[in-house]
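A short write-up of the structure that comes next.
The values are calculated or read from the model by the stated rules, or taken from the named source; none is laboratory data. Here the structure is a predicted model, which means the values were calculated and not measured. All Cβ positions, glycine included, derive from the backbone under ideal geometry; neighbour counts span all protein chains shown.
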Amino acid sequence: MKKRFNEIILFCAVAASLVFAGRVHAEDDGGGRSVFATGAGIRALGLGGAYGAVANDASAVLWNPGGLGWVERSEFQASHTSYYGLGIDEQYGSFVIPSWRWGAASITFRHFGVGGIERRDDRNILLEGGLSDNETELSIGYGRRVGNAWSIGGAIKLQHQGLAGFGDSGLGLDVGLIVRPLAALNISTSAADRFSLALAVRNVLKPSIRLTDDRVTDPTGVRFGTSYWLPIWSGRSLLAAFDVEKTDGMNARVHAGVELNVHPLLCLRTGINDGTFTAGTGIRWRGMSFEYTIEDNPIDNVHRFGATFTFGAAVDESRLAAVEAQENALQSKLAQAFEEQQRERVRQLLAEADRAKREGEFDEALELITVVTALDPDHEDALRQKGICLRGLGEKLEGQGDFAAAMLSYSRALAVLPRDSAAITGLERCRDESDRLAARSETIRQRFAAALDAFSAHDLTRARDQFAAILRLAPDDQEAAAMHERTLQAIDQRTTDLLEQAERMIEWGHLDEAQSLLDGVEKLGPNARDFRRIKAQLSEVKRQQRATGISTQGGDGRTQGSISSGGSGTRPITDEQKREIRHLYQQGMKAMEDGRAHEAVKYWELVWAVDPNHERVADHLKREYLRRGMEYFADGKLDQAVELWESALRVDPADKRTMGYLSRAREQMARTREILGK
């Protein structure tokens, strides 16, 4: 309430200038300045010429070129005015194109014409044919924003006058600025973008025209202005503006005006233009605005009509689109580099695996291939190489007399290469020899084969039960005992992995996934270490969710509100923080473009910690975490890889690719340990 009251006080302070403006009159300038000094634009004139701190449209170049930096969309204005029915006409047209990158450029044309002037000789005898006076001004302006608080600009103009057969032209220069002082002082308030101050200097370079013997110079004028825009309710708003104009050799002129937007389609204006009352209205519709102003001139009322056409995207929209296009291009480039890097890494891993295979180091070859299949589970050559290595490992184990492990390798090879005749023959050969050495009965042979099949298919509970049954019938079966121990070790490792994953899923809010993992642990062995603790933890989180009425499963597959994912929670981000975040984000983009990926990640982590939704920082961080995790994983540094991939999941807890990397890495590594008996 206090903040709102302060805003109203500030608005009233600006609006009160209307009262004082009506009491101030300047002496007639006696023709000492150009007709173009009165400015143009129906809206500006309807506000009594109090437009120095408002100027944010195509007419800005005439009132304050610094306002061009605040123009939001491309715009064309045109108006026509006839004065007093005396043959005096004014035409005005202005076109402005703003750019978020380059600033705003405008071109403006004004023309005053007076016809029907009596022509007399030196004896004051009326001659045939009248005289006319024509004055034309062509202005080219430019302005741009500097930061979020300042806008500066300037305009070069060419003035020409033709009278009674005489004519001359002169060049002039105007400059100006508009500042939002609260924003410039980093004062965080809703009024920061509503309150403006302005300074404009007309004729820094003075146009000079000589029609006969004397040269007439358009004098320099300085304009100070202030404005405040106050939102009221339901899209309605008030604008108050106040200007003081001082021209060399003349008294000060005071301008004040108020504009009320009573509806998105309609606005009303009134003002005091150096003691002269003005009023007007504007009707807006689909980028078009039709304007009218009446001026209570001492000679006769002056009626002005004009139209404004606004088109194209807003400056901020264009900037965001350009930034998005730039980021999309960079994202595409980095994604291509990521995919190429992954393909190259896969080629290197397969080459190393092929070398290890040729040297008979099948354990090493299988571990390398496991990395490849974790990164690309459908890689055909990797799957084929895996089958060949498993067959080779089976042959190696068979030669060492470890027929049970050899059968397991042959079975795994056939799961990948079901028609491999060497693996089929080797499996049959090992089974016969194992049965012969253990002197197994037909029943035990069948159970042993079934247990090996279950172990090969990763059905560890069934394999455990089958081997245990064999040992009850034949306690001296050494191969069954070894495989039973191996199965128990695999179960213990599997439950440890599943419990670690379940605990992380609870932390990230993936409660359904956590429950599924715990169900898997319960099937393997409910007495596993930490199982009851983690199960109780999951139940407590679910209970809290039910108590607070929050859905267990959010729209992105995770518990709503349960993820601690950077950002400042419910605390608002200040304008100063926003500027710092934007700067850090851009620093990260530049570092990435320069090939300094590690430095870029540091910048983006700072951004994400304050505002996780800032532009595309989450996408960039996730991609880099994935890429670096892939490098660690390919180098056999599983812990570092998992840590980075988990960082990617903290950024985007629902990312399927990251979860796929993690689950495949753990699964492939677990299966490799089972195959190799580690």
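Of all the listed residues (E340, E367, E324), the sole one being in a helix (DSSP H, G or I), modelled with pLDDT under 85 and exposed (fewer than 13 other Cβ atoms within 10 Å of the Cβ) is E340.
Pairs meeting the criteria (first residue in segment 616-638 and in contact (Cβ under 8 Å) with a residue 40 or more places away in the chain and crowded, with 17+ Cβ neighbours inside 10 Å, second residue assigned to a helix (DSSP H, G or I) and of a type in the set (D, E), beta carbons under 7 Å, at least 6 apart or on different chains) are R616/E327. Considering only segment 161-182, how many residues are assigned to a strand (DSSP E or B), more than 15 Å from V71 (Cα to Cα) and either of a type in the set (G, A, S) or out of contact with any Gly (no Cβ under 7 Å at 6 or more places or on another chain) (or both)? Of the residues in segment 161-182, 9 are assigned to a strand (DSSP E or B), more than 15 Å from V71 (Cα to Cα) and either of a type in the set (G, A, S) or out of contact with any Gly (no Cβ under 7 Å at 6 or more places or on another chain) (or both).
The requirement of being of a type in the set (V, I, T), assigned to a helix (DSSP H, G or I) and within 30 Å of A105 (Cα to Cα) is not satisfied by V346. Across segment 278-317, the qualifying residues are those that are of a type in the set (D, E) and in a loop (DSSP other than H, G, I, E, B), and the one among them that is nearest to W102 (Cα to Cα) is D296. The single condition from (1) more than 24 Å from Q577 (Cβ to Cβ); (2) at pLDDT 80 or above; (3) in a loop (DSSP other than H, G, I, E, B) that G636 fails is (2). With respect to the conditions (1) among the acidic types (D, E); (2) outside any helix (DSSP H, G or I); (3) over 26 Å from L638 (Cα atoms), D378 falls short on a single one, namely (3). For R23, state whether it is among the basic types (K, R), in a loop (DSSP other than H, G, I, E, B) and at pLDDT below 50. So R23 passes the test. A count restricted to segment 388-416 and to residues that are over 17 Å from F455 (Cα atoms), out of contact with any Cys (no Cβ under 9 Å at 6 or more places or on another chain) and either part of a helix (DSSP H, G or I) or at pLDDT 90 or above (or both) stands at 6. Candidates are the residues of segment 427-445 that are among the hydrophobic types (A, V, I, L, M, F, W, C) and buried (at least 18 other Cβ atoms within 10 Å of the Cβ); the one that is farthest from G401 (Cα to Cα) is I444.
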